[in-house]
Amino acid sequence: MTTTTTRPTRRALLQLAGGAAAGALAAPYLAGTARAATQIIVADPGGPFGPAFRKAFYDPFEKATGNKVVNVAREAEPTAQFKAMVETKSYTWDVCTLTLSARDILAGQGLLDPIGFTHADVPKLMPEAISPLYMGTDVYSTVFAYRTDRVKNAPASWADFFNVEKFPGRRALRKNPIDTIEQALLADGVPLDKLYPLDVDRAFKVLDKIKPHVAVWWTGGAQSTQLLQSGEVDMLPGWNARLQAAIDGGTPARIVWNQGLYSIEGWGLPKGGPKADVARQFVRFCSDPKAQALFTEILAYGPTNLDAYQTIPAERAKVLPTSPENLKQMAIADEAWWSANRAKVSERFNAWLLT
Amino acid sequence: MTTTAAKPDAKPMQAKLVIEGLCKRYGATTALEPSSLSVAEGEFLTLLGPSGSGKTTLLQLICGLVDASEGRVVIDGRDQSRMPVHQRDIGLVFQHYALFPHLTVTENIAFPLKMRGRPASEIARRVADTLAMVHLGHLAKRFPRELSGGQQQRVALARCFVYQPSIILMDEPLGALDKKLREHMQIEIKRLHRESGATIVYVTHDQEEALAMSDRICLMNHAKIEQLGTPREIYERPRTAFAADFIGISNIFRGRWDGNGSLETAHGRFALPVNAASPGAEPALVVRPEHLRLGAPDGNAVTGRVSEIVYAGSETRVIATLSDGAPLVLRLGPDDAVPAIHDQIVAGWARDRAVLVA
Amino acid sequence: MSMAATSGTMRERARGFRFGALWLAVPGLLFLAVFFAWPVAQLLGLSLFDPDSGKASIATYERIAATDVYLRVLGITFRIAGYTALYSLLIGYPLAYWLSRLPDLYRGRMLLFVMVPFWTSYLVKTFAWMIVLGRSGIINSLAMGSGIVDQPLPLLHNEFGVMVGMVHAMVPLAVMTMLPVMAGIDRRLVQAAQTLGASPAHAFWLIYFKLSLPGVAAAGLLVFISSLGFFIVPAFLGGRRETMLAQLIITQVQELLNWPFAGALAAMMLAAALVSCWVYDRVFGLSTVAGGSAQVGAGRIRDLGLAILAQVAKLAGGVSALMQGLIGRRGSALVLPVFSWLAIAFLVLPTLLVIPLAFTSSQFLEFPPPGYGLSWFRTYFESPLWIQATIRSFLVAFATAIAATAIGGFTALALANSRTRWSGLIFAFFLAPMIVPRIIIAVGLFYLFARIGLVATDLGLVIGHTVLAIPFTLVTMAAVLKGYDQRLDQAAATLGANRLRTLTGVTVPLVKGGLVAAFLFAFITSFDELSIAIFVSGGVKTTLPKQMWDDMILQLNPTLAAVSVVVFIVVTLMLLVAERFRSSSSS
């Protein structure tokens, strides 16, 4: 791919004939500009991420470098597209946000390019947020929330959440073994720092007990917001920003940060991408603490560069996973364990659900 | 035509079917004006008329497929106006046969017997008998779509005759057949009528068929009964110009009654038949082609120019154009001299051969 | 005799025409071979190779066999699809029967109501049902408020919820499939049966119902097969046990990136779908899907069927007599219209619900809205993303409709004129995109498109949607052409029109109604399509359902409802225009 897309160069045409260029050629047309600067296509999760990242990263980056950033919404699970994109060398995206599990799957299949800088370059970055192939931009946390209008006896831990006698109320769980297994073990008394490797058998024994009391098994983030907001259930686990959205919208509910498990979302580059240089420059730009502080104004996710809290108002910091107060109650989920065991545990979990 | 049932001119011995003031309206349109009619036991009555004249409506009212707006249907002395279709003892042969495509010939014919809960042995026997009657025994296992039009028609007839309904209605049953087959089936139906002694109400728009088959004809037009009578009565004594025109070929001369014994027409003044009743508001003289003779025997004559000569074996039809452009049809016997095309001719008739219509 | 001579040459000409006619199916065959059969075969082929070594392996199938979870999910998938088909028929049959007896003009309008779920995005419908059926949803609020129940009814997150969502989505398809068959039944046959002494119940069951069975079977098959691939409805409306195979396939493809295993699961699903089709073909004949006449079954089965129908008729006769005794003749006559209006209300309800939601002042899709405003419409109209997606969806759907109608029409023409033993096979091949779950087609196409540069192009979307729409257009056109008098074409040919002139001057105007229907079918198929859009759009060329999906995953807000209302208005206008077009062509 040539860096300028305004002139139909011979090479571009050849590639078009080869079929690799169509997406990238179409993009500047979409954006309606024809500047002779490099334009990168960035896949973010869409929704509120679009305006938040635009304000925090895209516009400042454009201003600082003169390059152009076109953002598109990626899938909830972009790995399939990512894989086909690299395997067919048809780069519709130059950078894409990935969860840690997506990172590990893609890295395992050799589909990621190095980001070109290390933890030493950005020492205030959380160490879990950076690897040779990846830089995390935001931290999300799996916690639980309860309706304050319906649950009078406030639960404070997973043990409380799993105790249906002492803490009555309709419950939902995620229809996925990830997080759910951890939650069961935490409820059974496994300490937060000794979760991994997960004792799956023990977890299922705990889950067996709560199974009849689970009214809803949710599958999507937006669904968890809806469940809490509409009062379909009284307490449920979910990603903090999704639950926060309901609370911000006036739902009488409270988030319990205690024993939360956090994870990270961040940038990865498709292997062999044509604009890797600018893309790396962009990823590096996103490690800036001031930039990260900006997105927290819109998104209730935590910055990975903890210096960002110097500019984040204290009131806002309370609802962000990486604020010191919240972070110390939580632990990071072990993606490596899940990468190795997910297929098997998922199979068992699915079978368990059906019985 | 020989019939073992009612003689054409005989008074109905016992009314099988009586229709009293039967009428059907759909909103503002009238499908049938209030009409009354009586059909004798064993009679073959034909409802004849152009399409839209109300004959099919009358038929549907009789069998109960359509609910009447007013009036009564009396069968065997019992008012059946409110009786549902399937409880009236009536058979209906449909225009397009309405054979059940998913049933075999045998099953089609057995259907009405099954509906009446007859024992299997009786069903088998009667179906076989009826199949033999319509000469279809060899096709018993076929499906309707595997049969020719004539065969399908005979299955439809068999399905109707098999349960011996007291009245059989036929809605243009031969309309879809070609001429030769039609004529064959006409004879077939007459035979079935004769053998079964059933009372048949037959609908057709084909006047030749009506004349050939009926004991009586009920001529319909504009949703009402125009004239009711034997074929001979209707042919020889049409009551209206429509009746004269619809049945057979007629030369019709409209005119003004001079208050005496003549009619003033565009072609001259013609003497009325001797016993004619007083003419109505729009009187006309009807002269059948076979009653016209070349020459002017009685003073009733018109002049025209020969425009067409049609040779039809037993007769020759001469078509002439009158002075005002109207056609005139003459029928010449085998011994008559035939004029040439473009010949000027004078054709006349005996005054009593003409019929005065309203 | 001259007759014999004429018919001899006619036969020769017909044979020549036949040979020529089959060529009309070639473009469609090639299109489907390249953009459907090849990509799907490739994806399924992945399941037979080890991804690391590249050697042939049946490890994926061994994994399926090692646990019963996949077979059980397959069983659940079949059960849900089967019940969906059953309930869709139970609701759709009386509705279609009622519609078929309406006067033409009135029926056209009623059909618009029946089609409402079709042009309401199923994402939006699903959420509407959550609002209706939820614990504090509309039904429970009404039931609790009026004191009928003191506990909320469990209507959601269980099999009942899934059934409501799926049956709601499928009833229009069932009705649209049965309606042409019912319209083709000669009503005089029922009258004939009655004059022969059959009670109304007997006449209906023994004659009308029996003759409408091909339509019932075709509708059942289409609904069943389409239901196999559902994943959104069970995910949002179902509970713990309502997991369908498509959900597992999507997880394997999108989350776990285990394409060989996804291919194996897809192969299992496809095999199961093909077996159902094969059974169907044995019993009814596949051509009945396009309204062909059913095979006449073998003697004993047929007798048994007729005997069963006779018993049903007897029973129904008793029931209707009882009902007439209870509510009178007039009341009984109202049962069908009342049922049909209730069914229509069921179909229209979620869409009607969306309208107030679009004008809500709340941040959430809650009912009743706490206040009203236009802010979500402003959000929609001010968002270039939404507007671009809307325009693209319309353009892509339009192009898809033209392409699919042309291919479907030509193929139907080819099959109508040909009586070779191949035509059944060709017909089955053209129906295959309906049988293969969409997600499989989508992934396969994505793989193919990526290599030829069609990812993230409008053309790619059009091609993908055309693949999905072809079965619908073919079925619609085949049904219309079956009733088309071929002699009219021959007449035109004898009057000096060449093939093209015959087509444009005679055939097309006469089958215009069918063309409009096929066009609309294809249009709506494309307009509401998500799977292909997810994979092929690459996030760049976003269509409306894709944009809604992104929204639904991330930030469920009433923009969805506002968009639905706008789309609803535009599509309604379009359908009204089409209806006018169609009625003007028939008069």
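The values are calculated or read from the model by the stated rules, or taken from the named source; none is laboratory data. What you are looking at is a predicted structure, and each value in this text was computed from that prediction instead of being measured. When we count neighbours, we look across all protein chains shown, and the Cβ atoms used for this are built from the backbone with ideal geometry, even at glycine. Side chains included, ligands, DNA and RNA excluded: accessible areas come from the protein's heavy atoms. Shrake-Rupley method; radii C 1.70, N 1.55, O 1.52, S 1.80 Å.
Data for the structure
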quantity: Any hit, the range C:455-471, residues being assigned to a loop (DSSP other than H, G, I, E, B) and over 23 Å from C:Gly229 (Cβ atoms); calculated: yes
quantity: Residue in the range C:519-533 that is outside any helix (DSSP H, G or I) and open to solvent by 10 Å² or more (accessible area, probe 1.4 Å) present; calculated: yes
quantity: Within the range A:317-355, tally of residues that are surrounded by fewer than 20 Cβ atoms within 10 Å (Cβ to Cβ), of a type outside the set (A, V, I, L, M) and not in a loop (DSSP other than H, G, I, E, B); calculated: 9
quantity: Test set (1) within 17 Å of B:Gln152 (Cβ to Cβ); (2) within 11 Å of another protein chain (Cβ to nearest Cβ); (3) surrounded by 15 or more Cβ atoms within 10 Å (Cβ to Cβ) - B:Arg142 fails condition number; calculated: (2)
quantity: Scan of the range B:145-173 for residues that are at positive phi and either crowded, with 21+ Cβ neighbours inside 10 Å or not assigned by TED's automatic domain parsing to the domain that holds B:Tyr97 (or both), ordered by number; calculated: B:Glu172
quantity: The range B:167-199, residues that are part of a loop (DSSP other than H, G, I, E, B) and in contact with a Cys (Cβ under 6 Å, 6 or more places away or on another chain); calculated: none
quantity: Only listed residue being within 17 Å of B:Gln151 (Cα to Cα) and in contact with a strand residue (DSSP E or B) (Cβ under 8 Å, 6 or more places away or on another chain), chosen from B:Ile217, B:Ile189, B:Ile200; calculated: B:Ile189
quantity: Extreme residue, farthest from B:Ile109 (Cα to Cα), among residues of the range B:145-165 that are assigned to a loop (DSSP other than H, G, I, E, B) and more than 13 Å from chain C (Cβ to nearest Cβ); calculated: B:Ser148
quantity: Selected residue (criterion: farthest from the other protein chains (Cβ to nearest Cβ)) from residues of the range A:196-225 that are outside any helix (DSSP H, G or I) and closer than 20 Å to A:Ala245 by Cα; calculated: A:Trp218
quantity: All helices (runs of 4 or more DSSP H) inside the range C:139-237 with 2 or more residues being open to solvent by less than 40 Å² (accessible area, probe 1.4 Å) and either in contact (Cβ under 8 Å) with a residue 60 or more places away in the chain or away from chain B (no Cβ under 14 Å) (or both); calculated: C:159-183, C:210-228, C:232-237
quantity: Qualifying positions in the range B:190-214 - open to solvent by 10 Å² or more (accessible area, probe 1.4 Å) and charged (D, E, K, R); calculated: B:Lys190, B:Arg191, B:Arg194, B:Glu195, B:Asp206, B:Glu208
quantity: Residue in the range C:54-68 that is of a type in the set (A, V, I, L, M, F, W, C), closer than 30 Å to C:Ala403 by Cα, open to solvent by 80 Å² or more (accessible area, probe 1.4 Å) and at pLDDT 85 or above present; calculated: no
quantity: The range C:238-281: number of residues that are β-branched (Val, Ile, Thr), surrounded by fewer than 24 Cβ atoms within 10 Å (Cβ to Cβ) and more than 9 Å from chain A (Cβ to nearest Cβ); calculated: 2
quantity: Matching residues in the range A:236-256 - criterion: being open to solvent by 30 Å² or more (accessible area, probe 1.4 Å) and either aromatic (Phe, Trp, Tyr) or more than 14 Å from chain C (Cβ to nearest Cβ) (or both); calculated: A:Trp239, A:Arg254
quantity: Residues that are outside any helix (DSSP H, G or I) and open to solvent by 20 Å² or more (accessible area, probe 1.4 Å), drawn from the range C:472-518; calculated: C:Gly483, C:Tyr484, C:Asp485, C:Leu495, C:Gly496, C:Ala497, C:Asn498
quantity: Single residue of C:Arg487, C:Arg501, C:Arg451 found to be within 14 Å of chain A (Cβ to nearest Cβ) and charged (D, E, K, R); calculated: C:Arg451
quantity: Residue satisfying condition, being within 15 Å of C:Ala192 (Cβ to Cβ) and either in contact with a strand residue (DSSP E or B) (Cβ under 6 Å, 6 or more places away or on another chain) or open to solvent by less than 10 Å² (accessible area, probe 1.4 Å) (or both), within set B:Pro112, B:Pro101; calculated: B:Pro112
quantity: Enumeration of residues in the range C:373-420 that are open to solvent by 30 Å² or more (accessible area, probe 1.4 Å), outside any helix (DSSP H, G or I) and of a type in the set (Ser, Thr, Tyr); calculated: C:Thr420
quantity: 1 or more residues open to solvent by 70 Å² or more (accessible area, probe 1.4 Å) and either touching a residue at least 40 places away in the same chain (Cβ under 8 Å) or not aliphatic (A, V, I, L, M) (or both): qualifying strands (runs of 3 or more DSSP E) within the range B:265-350; calculated: B:268-271, B:301-311, B:316-322, B:327-332, B:344-348
quantity: Matching residues, the range B:215-238, being basic (Lys, Arg) and buried (at least 19 other Cβ atoms within 10 Å of the Cβ); calculated: B:Arg216
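Here is a yes/no grid of residues against (1) over 19 Å from the mean Cα position of the chain (by Cα); (2) away from chain C (no Cβ under 14 Å); (3) not aliphatic (A, V, I, L, M):
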residue: B:Gly21; (1), (2), (3): yes, yes, yes
residue: B:Pro50; (1), (2), (3): no, yes, yes
residue: B:Ser53; (1), (2), (3): no, yes, yes
residue: B:Arg72; (1), (2), (3): yes, yes, yes
residue: B:His86; (1), (2), (3): yes, no, yes
residue: B:Phe100; (1), (2), (3): yes, no, yes
residue: B:Val105; (1), (2), (3): yes, no, no
residue: B:Glu122; (1), (2), (3): yes, yes, yes
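Conditions (1) in contact with a helix residue (DSSP H, G or I) (Cβ under 7 Å, 6 or more places away or on another chain); (2) away from chain A (no Cβ under 14 Å); (3) not aromatic (Phe, Trp, Tyr), marked per residue:
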residue: C:Thr67; (1), (2), (3): yes, no, yes
residue: C:Leu71; (1), (2), (3): no, no, yes
residue: C:Gly75; (1), (2), (3): no, no, yes
residue: C:Arg79; (1), (2), (3): no, no, yes
residue: C:Ser88; (1), (2), (3): yes, yes, yes
residue: C:Ile91; (1), (2), (3): yes, yes, yes
residue: C:Ser100; (1), (2), (3): yes, yes, yes
residue: C:Phe118; (1), (2), (3): yes, yes, no
residue: C:Ala128; (1), (2), (3): yes, no, yes
